[in-house]
Every structure is written in structure tokens, then in C-alpha cells.
1. Rank TYR193, TYR278, TYR63, TYR142 by accessible area, highest first, at a 1.4 Å probe radius?
2. Subtract the Cα-Cα distance of ARG476 and LEU150 from 0.36 nm times their separation in residues, and report this length gain in nm to one decimal.
3. What distance in nm separates the two pseudo spin-label positions at GLU190 and SER166, each 7 Å out from Cα along the beta-carbon direction?
4. Figure the gain on full extension for ALA323 and ALA197 (residue separation times 0.36 nm, minus the Cα-Cα span) and round it to one decimal in nm.
5. Once R0 is set to 56 Å, what does the formula 1/(1 + (r/R0)^6) return for the Cβ-Cβ distance between GLU584 and LEU361, expressed as a FRET efficiency to the nearest 0.05?
6. Using a Förster distance of 56 Å, how high is the FRET efficiency between ASP576 and VAL13, based on the Cβ-Cβ distance and rounded to 0.05?
7. Once the Cβ-Cβ distance between LEU424 and ASP539 is put in as r, and R0 is 45 Å, what FRET efficiency do you end up with, to the nearest 0.05?
8. Once phi is turned into ³J(HN,Hα) by the Karplus curve 6.51 cos²θ - 1.76 cosθ + 1.60 with θ = phi - 60°, what whole-Hz value does each residue of segment 98-106 show in order, with x for glycine and proline?
Amino acid sequence: MSARIPLHKRLLVRLLITSGLIAVCSVAATAWLAVATTTQALREEQGQALADDMDVLAELSGYAATHPDWTGVAATVRELSARTGRRIALTAADRRVIADSAPPGTSLPPSAAAAVDPLHTDTYSERGAQISGIDPRAVGPYRLTEAERLKVAALARKRQLCFSRSGVETSLSRTPSGRTVLTDNDSGSEPDYVPDACADGLLNTPTPTEEKAVKALKGLARDCLTKAGLAPRWAALVGTPPTGLDLRSPAPGKLAAKEARLVQPCFDQARRAQLEPYVAPVAELFLGTGDSPAVLFDMSPANKAKVVGTASLVLAVTVAATALVATRLVRPLRALTAAAQQPPELHVRVPVTTRDETGILAVAFNDLTERRERLEAQRKAMVSDIAHELRSPLTNIRGWLEVTRDGVVDPDPALLASLHDEALVLQRVIDDLQDLADADAGTLRLHRESVRCDELLQQVAAAHRVAADAARVGLRTDVDGEPGLDADPVRMRQALGNLVSNALRHTPAGGTVTLSARRDGDDIVLEVADTGTGIAPDDLPHVFERFWRAEKSRSRRTGGSGLGLPIVRHLVAAHDGTVAAASELGTGSVFTLRLPGGRAPRPNA
């Protein structure tokens with residue numbers, strides 16, 4: 001097989017060529033991209049460095065706000081340095097190094113980038129810093145105990161449930177002090193409106209820890225307020241620092257607002273004094289890139305050799321991997337080709353060794369082989385059945401004609417009637433075969449028109465009334481509403497007639513055959529139900545196969561030709577419908593036709 005395929009058209013060779021081109025193009029594109037993006041990267045580095053500086057300052061300020069000293073800051077400095085790729089150093093006011101990401105002995109940059117002071121900061125404003133310039137993470141004596149946190153959290157969940165019942169959706173969040181607060185889902189801030197049913201005042205009531213801290217704050221601010229002449233009027237200070245202060249005064253209007261602006265600096269000064277023991281001392285922040293200058297890539301001979309060596313290595317690995325994969329791909333394809341070239345009567349199957357696309361193809365090939373084997377068996381059986389169906393009436397006709405020619409019997413009316421019946425049987429088989437041939441070729445013509453289901457069922461019942469009376473089987477119709485079809489009435493009568501004929505043939509005397517019609521959504525459902533002998537579960541999947549009979553010993557006259565139900569299936573499919581069979585031995589069978597619904601024609605006035 002390989003000798004007949006040109007070398008340049010073999011799958012393995014084409015895969016190798018393709019992989020080589022991909023490898024070369026990828027290396028060239030990577031080199032060009034590296035050079036092209038270097039300038040852009042340098043431009044972006046300056047903006048990124050500024051953002052990194054702000055993040056470093058904010059994180060170190062948060063550390064200082066939550067620790068009384070800088071004892072454990074070295075780990076944080078190293079982590080920030082690794083994340084940003086910058087040198088980070090913290091020193092005291094006298095340039096004594098507190099922590100440095102550079103090796104010991106490395107000189108500091110000429111000037112400090114910023115001062116780290118959680119009590120005087122404006123770098124945290126976008127993240128929620130107060131106007132006073134105090135880092136909100138500096139909570140000091142306002143930090144709630146564990147019991148207080150749990151109590152406040154329970155009150156917050158209760159308040160949230162109350163808000164939800166009033167139609168206000170909120171979220172829970174925790175402040176640095178440990179207090180749980182409610183946030184409006186729409187505005188992202190505290191709710192402006194508090195329903196009357198929720199205004200119990202419990203959630204905003206200061207805890208013992210906060211009351212103690214506020215009391216101390218009042219004491220620290222008293223001297224400043226006294227000097228400003230505001231101490232008696234502003235003695236009613238309430239609130240829950242450090243998130244904010246609520247200054248209330250008996251003085252209304254503009255005077256109260258003006259005095260509040262004078263009072264605020266006193267409390268800011270008092271808060272700084274109160275928080276100072278709980279935060280780290282002021283430190284100087286130095287940022288840099290280290291002492292060693294950045295090394296730029298240049299296309300020196302050594303660098304060129306590195307590029308060529310790397311490209312060669314990538315090319316070699318790509319070719320080797322492609323050869324391995326191509327070999328594994330070609331092997332099952334060759335097996336499939338060899339199996340497909342075998343004579344059709346062998347029905348060769350290939351082993352499924354993989355679960356990839358090739359394995360799926362092998363499974364599909366085996367399924368196709370099995371279907372072809374089944375079709376071949378059906379074809380042989382159909383040829384035998386057709387020969388049998390045609391042989392019986394032809395043998396009878398020939399035999400009677402021969403004895404009549406020899407003068408053994410006289411051609412009386414009874415003999416001629418018998419020969420006519422045999423000719424009708426032969427014609428019926430031929431007509432059935434012609435219908436199936438037209439359906440298989442797609443040349444089955446339909447003359448669609450609006451058909452009323454009640455009239456259709458009545459016509460079918462009337463055509464089989466004599467046969468039903470002769471078999472002493474009840475034949476009735478049942479129509480729900482006025483369903484209509486857009487169908488060929490002749491073909492629909494043929495399909496229903498085949499089903500009724502089968503039902504009458506297999507229903508004993510005293511039984512009933514019912515034709516019914518109803519609308520199911522956009523579909524019309526036609527059913528032919530009988531109270532006959534039924535069909536075995538193992539035989540039910542084969543009822544629509546050609547020349548199939550549940551009892552192989554049945555003759556053409558007792559069991560039919562086996563073409564009626566296949567014709568029904570093709571006629572219903574031509575109308576874009578489906579047919580299904582359900583049966584139970586000893587109870588009866590139900591054949592269901594589901595067809596697209598149409599508008600029933602109006603009855604003649």
C-alpha cells in the first residue's frame with residue numbers, strides 16, 4: 001500500500017513538513033515579538049512601578065497601623081519585593097535600617113520615596129481613609145473582643161433580615177475594629193433609609209470596649225476643647241470611632257456646623273495621641289532597583305549562537321514528537337484501509353486500540369460493517385420472501401390452467417373466480433413492492449389537501465366494515481374535537497387501512513378495533529387499537545421490517561405478506577410524521593401515527 005502513495009503525499013511526510021514549518025515560524029515570530037514588545041514593556045514599566053509604589057506604601061501603612069512596632073516587618077518587605085521586583089527598605093528617622101530586601105551592606109538610594117506614618121497619611125484615601133489622614137486600619141483600643149464581635153454580628157444579621165422584609169437588600173461587612181456593619185447593595189455604602197421596624201438602635205450602640213475608648217478619647221480632647229471655649233457645649237460627644245464621630249450640640253443651624261468644624265481638629269489630635277501606642281513609629285520608605293544595572297539583550301555572536309541552538313532544539317523536538325504521533329496515527333489508518341479493501345462478503349472488522357478520533361473512526365467502521373452485514377442478510381431474506389410470495393399464486397394459476405387445458409376440469413365460474421383471486425393476490429404483492437420502491441427512491445408522490453380526521457376515519461371504517469362483520473369484530477371510531485391534517489387522503493387511507501387489516505386479522509371474534517384521532521399540541525395523533533393476541537416484546541422492534549411475520553409458519557392468506565407495516569412507516573415518513581407500536585401479549589396492540597397538525601376544512605353547509 002505504501003509503494004502506491006507518492007512520498008510527498010504520505011501523511012507522515014506531510015506532518016513532518018508541517019511541524020517543521022510551524023517550529024521555524026514560531027521561533028521567528030517569538031524573536032520578532034520579543035524585540036517589538038521590549039519598547040512597549042519599558043514604557044509600561046514606569047506606570048506599573050508607580051502603581052507598585054502606591055501598593056507597597058499602602059500595605060506597609062497597614063502593617064504599621066496594626067502593629068505597635070516594626071519587629072516582624074522583614075517578612076512583609078521580602079514578600080513585597082518578590083511581588084514587585086523592586087528593592088524595598090525601611091529605616092528609622094536616623095537612617096537606621098529596620099528591614100531591607102537587598103543584601104546587608106547595600107547602600108540606600110539617595111532619598112526616601114515616602115514616610116510610612118499611619119497617623120498622618122493621604123495615600124489610602126481611595127481605599128477608605130478618613131479625611132483626618134488617619135489610616136482606618138489603626139483601631140487600637142477600639143478593637144472589639146471576640147464575644148463583642150459575635151454579639152454585634154448577630155445584631156447585624158438580625159438587622160439585615162429586618163431590612164430584607166422591608167424590601168431593602170443589604171450585605172454584611174466587617175470593619176477593621178471587628179464591628180459588623182450593613183452595606184446597601186445598590187449604593188455600596190451604609191443604607192440611607194432605616195425602616196421604622198428596624199430602628200431599634202441596638203446595632204449602633206457602642207460596646208463596652210468602644211465606650212471605654214470613647215471615654216478616654218473625651219478625656220484627651222477635653223483640654224483642647226477647653227482652650228477653644230467649646231468644652232461645655234460639646235460635652236455630649238457620642239459615636240463609635242475610629243470609623244467616624246457623631247458630634248451633636250444643642251446649638252442649631254449654622255452655628256452648630258461652624259463649631260463642629262472647630263471641634264474636629266481637637267478630636268483628631270486626641271485620636272492620634274490615643275492610637276500612638278498601638279501603631280509602629282514613623283519610618284522612611286526607600287524604593288529602588290538595586291545596584292546592578294539592567295542587562296539589555298544584544299545580538300552578539302554568543303547570543304546568536306544561543307538563538308540558533310534553541311531554534312534547532314525546538315525544531316528537533318518538534319520533528320521527533322510529530323514522527324511519533326504520525327506513526328501512531330498512520331498505523332490504525334492503514335488497518336482501516338486494509339479492512340475496507342477486503343471482499344464485501346468477508347465483513348472484516350478492525351480492532352479498536354485508541355480512544356481518540358482514530359478509535360472513533362474504527363468504531364464507526366465496525367458499525368458500518370455490521371449494518372452492511374445486516375442489510376445483506378435482509379436483502380437475501382427479502383429476495384427469498386419475494387420469490388415465495390410470487391411463487392404461490394403463480395403456481396396455483398399455472399396448475400389450474402394446465403389441468404383446464406388438458407380437459408381434466410371445466411373452466412366453470414368457480415374456477416375462474418379462484419384464478420381471479422390468485423391474480424389479485426399477485427397484483428397486491430406487486431403493488432406493495434412498487435410502493436416500497438417509490439418510497440426508497442424518493443419518488444412517492446403526495447397530493448396534499450386539508451383533511452378532516454373524522455371523515456378520514458369514517459371512510460377507513462366503512463371500507464373495512466364488511467370484513468369486520470365477517471370476523472365478528474367490532475369496528476368503531478373516536479374523534480376528540482375537530483382535528484385536521486394537511487395530507488394526501490388516499491395515502492392516509494392506505495396507511496390506516498393496512499393497520500386496520502392487520503388488527504382485524506389478529507383480533508378474535510368478539511373483540512374490538514378502535515380508530516381514534518386527537519390533537520396533541522401542534523401534532524395530530526391517529527391511533528389504531530385492537531384487543532387481539534398482541535405482539536411479544538422480542539418481536540415488537542421488528543414489526544416494521546419487510547416480509548417479517550411473528551409466526552414464520554403463517555401463509556400469505558393468514559399472516560399477510562409482511563409489507564403492510566413497512567408501507568405504513570414510509571407513508572407516514574413522507575408526511576413528516578412518525579409511527580410507533582405498543583403491545584402486550586393477550587391484551588392487544590396500539591399503533592400510533594403522529595403527524596404535523598393542519599387546519600381542518602369547514603363542513604359543507
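The values are calculated or read from the model by the stated rules, or taken from the named source; none is laboratory data. The structure presented is a predicted model; accordingly, all values stated were derived computationally and were not measured. Every residue, glycine among them, receives a Cβ derived from its backbone with ideal geometry; neighbour counts consider all protein chains shown. All accessible areas refer to the heavy atoms of the entire protein, side chains included, with ligands and DNA or RNA removed. Shrake-Rupley method; radii C 1.70, N 1.55, O 1.52, S 1.80 Å.
1. Most to least solvent-accessible, the answer reads TYR193, TYR278, TYR63, TYR142.
2. Once the chain is fully extended between ARG476 and LEU150, it gains 109.6 nm.
3. 1.5 nm
4. 37.7 nm
5. For GLU584 and LEU361, the calculated efficiency is 0.85.
6. 0.65
7. That gives a FRET efficiency of 0.95.
8. Karplus-based 3J(HN,Hα) across segment 98-106 equals 8, 7, 8, 7, 7, x, x, x, 6 Hz.
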